[in-house]
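Inspection log for the structure reproduced underneath, given as structure tokens.
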Amino acid sequence: MTERTGQNFESEVKTVRCSLWRGVLGSVRGRIGFGFLVLMLGVWVFGPLLASNQPIVCRYRGQWYFPAMVEVVQSRGMGPHWFEKSSPFNLPQFDAKSELDADEFAIWPLIPFHEGEQTEDVLAGPSRRHWLGSDELGRDVAARMIHGTAVSVKVGLVSMGIAVIIGVMLGGLAGYRGGWVDFVISRVIETVMCFPVFFMILSILVWFEPSIVNVMIVIGLTRWTAIARYSRGEFMRIKNLDYVISARSQGVGNLRIMFGHILPNSLTPILVSVSFGVAAAVLVEAGLSWLGFGVPDPQPSWGSLLKSAYEHLRVAPYLVYPPCVAIFLAVLSYNLLGEALRDAIDPRSRKSL
């Protein structure tokens, strides 16, 4: 009887999950948010195929080479030790644009510039050569925007991944154990929530060298409180359900109950908080880069591009629009996805579009 009840509950959970994702992707907001998120992930992964100073595929001196495709593997950490560029494309002094003859076959990326490549076009306006113009060092803004997408994606997802681990562990422990454990963890959550998050991040980063790793870690260590509160509430609710009581009566350990039974069935509302948290992390990274505490130059990020554009606002106002639009769309897409998840969980909050 108990096993049948557990099986029925698991099948109901799977049905709810399927209907949840159908509800998210069935709404306009969910499709827009999810579509832009997939677009950002695609630009991050295949950035070297979109903007690079080396061809995607070419025939050079009778041999075939795939330098930009190899760079995709290398830059994403999927095999830099065993998958290397062939000579001479692996030499930093080799300029493929000048070395390749006009009669040799080559397929170039849409933007034939590397994110750090300097040209003679200093603060040039949008044109066929530079789609979004060039900065004060002659670097192509479109190429830097494409490669800067990686920073926004990694900062948002990795930092919230850290926050999820901390929040779920502390909130789940507080909700499941209760008593003095719940009291202590709840007071810690309330104490952390009292501090302004952005200024707390600034005060921590003052002591560390600016880098994307430090930014991700610090954001993750300061944005876990909302996830912890959601986890605490879900664990407190689910631990009193029949299938959890049945598992406990059969001698199942606490860790297995927490992470094998309760956690998988409490992730849905947590994902709502995560989606809004990713949007906030993108804004925090942009603000930190604006103040000089984010990703250091020459690595591009949308925040550093916005800072550079603001410094040259009078002579090149067109540089402001690309990072502003990208940050706005990224934050909007995460918020739309979060609202779609929230509406799918609670149909009473659903609004007609």
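The values are calculated or read from the model by the stated rules, or taken from the named source; none is laboratory data. Model, not experiment: these values are computed from the prediction. Note that each Cβ is placed from the backbone with ideal geometry, even for glycine, and that neighbours are counted across all protein chains shown.
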- Checked region 99-157 for anything within 16 Å of SER304 (Cα to Cα) and of a type in the set (Asp, Glu); matches are GLU115, ASP135, GLU136, ASP140
- Task: Name the one entry in GLY260, GLY233, GLY220, GLY287 that is over 24 Å from ALA174 (Cα atoms), in a helix (DSSP H, G or I) and of a type in the set (Gly, Ala, Ser).
- Result: GLY287
- Sort through PHE113, PHE89, PHE94, PHE83 and tell me the only one that's at pLDDT 85 or above, outside any helix (DSSP H, G or I) and closer than 21 Å to CYS58 by Cβ. PHE113
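From the list ARG187, ARG223, which one is surrounded by fewer than 21 Cβ atoms within 10 Å (Cβ to Cβ) and not polar (S, T, N, Q)? Spell out the reasoning first.
Numbers: ARG223 fails: surrounded by fewer than 21 Cβ atoms within 10 Å (Cβ to Cβ).
Answer to the check: ARG187.
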- Answer yes if at least one residue in region 298-319 is on the phi < 0 side of the Ramachandran plot and touching a Lys or Arg at 6+ places or on another chain (Cβ under 7 Å), and no otherwise. yes
- Query: Quick one: ARG314 ticks every box in (1) among the charged types (D, E, K, R); (2) surrounded by 24 or more Cβ atoms within 10 Å (Cβ to Cβ); (3) farther than 24 Å from SER203 by Cα bar one, so which box is it?
  - Reply: (2)
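With respect to VAL295, is the statement that it is within 17 Å of the chain's Cα centre (by Cα), part of a helix (DSSP H, G or I) and buried (at least 17 other Cβ atoms within 10 Å of the Cβ) true?
Values: within 17 Å of the chain's Cα centre (by Cα): yes; part of a helix (DSSP H, G or I): no; buried (at least 17 other Cβ atoms within 10 Å of the Cβ): yes.
Against the criterion (within 17 Å of the chain's Cα centre (by Cα), part of a helix (DSSP H, G or I) and buried (at least 17 other Cβ atoms within 10 Å of the Cβ)), VAL295 does not qualify.
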- Item | Positions within region 312-345 being assigned to a helix (DSSP H, G or I), out of contact with any helix residue (DSSP H, G or I) (no Cβ under 9 Å at 6 or more places or on another chain) and aliphatic (A, V, I, L, M), in sequence order | VAL325
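Per-residue answers, yes or no, for (1) farther than 24 Å from SER289 by Cα; (2) more than 28 Å from the chain's Cα centre (by Cα):
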position	(1), (2)
VAL213	no, no
LEU241	yes, yes
GLY253	yes, yes
ILE270	yes, no
- Any hit, region 176-185, residues being more than 25 Å from ILE245 (Cβ to Cβ) and not charged (D, E, K, R): yes
- Identify, please: which residue in region 238-269 is free of Cβ contacts under 8 Å to residues at least 12 places away in the same chain and of a type in the set (Lys, Arg) and is, among those, surrounded by the fewest Cβ atoms within 10 Å (Cβ to Cβ)? ARG256
